[in-house]
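What follows is a set of notes on a single structure, which appears directly below.
Values quoted throughout were computed directly from the atomic coordinates according to the rules given, and no laboratory measurement underlies them. Model, not experiment: these values are computed from the prediction. A quick note on method: Cβ atoms are made from the backbone with ideal geometry, for glycine too, and the neighbour counts reach across all protein chains shown.
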Amino acid sequence: MNSRTTNTEVDRRYMRGMEPDWQRCDEIARHHGRTFYFASRCLPRAQRQAVVATYAYCRIADDIVDTADESGREAALRSLDAWENEIAHPKHPVAIAFAVARDRFDMPEQPVYDLIAGVRMDLETSRFGNWEELRSYCYHVAGTVGLMVAPILGCKSDAALTHAADLGIAMQMTNILRDVGEDARHGRLYLPLDEIAKFGCTEHAILAGEPEPGFVSLMQFQIERARSLYASAHRGIPALDVYGRFTTLIASDLYARILSEIEANQYDVFEHRAHCSTKTKILAIPKISARFVRTSLYSPPLEIGPLDPPSGRGGTRKSFSSPEQRTYG
């Protein structure tokens, strides 16, 4: 018997007195994830709904942590526990939409639980001693999102998941580099402490917004790391369907341009917050379209097997060995 539940069966299972609120998911994605939302417009309706529902669920988890200063750490943890419970027992309209999306596209649930674990990290630490620690954090809060959306974008190959996770990690690193100044004003610092010292910088100076001369070299090093992750992510694009390939190229290309904006601002992330304007996004489409054609015509498919079969946890949670577990340790 096919383990994937049909859309109609999913709707009957979860829509008892409350329907999935696709419109609310759409509004959350449009407001908080403009590049993500821009790219999602290239998807057919069912895929687009699933992608924005995934984003909305993850965004609400993130918002719980963002309000921890007002509500308190313990209250935030309780709210996060309640939001995690919505994975298995959805009642909130966004969580219901996310549950429908997971069933429609056979999404593994382990990355969702990994994401919640990563969000909890934000309540426990704001420092990372080395790249291994930071990469694990980036996997949990963002690489997991790549794993969630991979089946929605048509990925059917297990080995491509490492590249999907790398795209999320690359985007999270882009966020970290863009937000160094903003995070510093809130007492947060995500750059690896050993690498800060390696480039002759200090935690105190960065938090004060007055970094040492070596800060430029530190940022250049981190930007190259992020770009290598984007390059790895692109190697998995041939495993997606045609809509998934185009959407992923748009999202990754536009987000990576933030790194170029940081460079154009002379690495001043304390006075300038790099971003990709709507005009820039629109003007970039022809170049991205040409790249899409090249990728579709000339990139060989990955020689890999199928995704792991579903199993366990009430018949809905999938058996899953994440790239973080396999690769990043």
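Summary of values
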read-out: Amide H partners (placed H, <5 Å) of Phe128, local residues excluded; value: Leu193
read-out: Rounded to whole Hz, the Karplus (6.51, -1.76, 1.60) HN-Hα couplings of the stretch 95-106, x for glycine and proline; value: 5, 5, 4, 5, 5, 4, 4, 4, 6, 4, 10, 6
read-out: Sequence-separation-based contact order of the stretch 10-107, relative, with Cα cut under 8 Å and 6+ spacing, percent; value: 43 percent
read-out: Ordering of 95-103, 40-48 by burial proxy (mean other Cβ atoms within 10 Å per residue, highest first); value: 95-103, 40-48
read-out: Rounded FRET efficiency, nearest 0.05, which uses the C-beta distance separating Glu271 from Glu74 and R0 of 45 Å; value: 0.80
read-out: Rounded FRET efficiency, nearest 0.05, which uses the C-beta distance separating Ala117 from Ser260 and R0 of 30 Å; value: 0.40
read-out: Rg and Dmax of the stretch 10-107, Cα atoms only, in Å; value: 13.8, 41
read-out: Net length gained if the chain between Ser289 and Arg24 were fully extended (0.36 nm per residue, minus Cα distance); value: 92.4 nm
read-out: Virtual spin-label span in nm between His204 and Asn85, 7 Å along Cα→Cβ; value: 4.6 nm
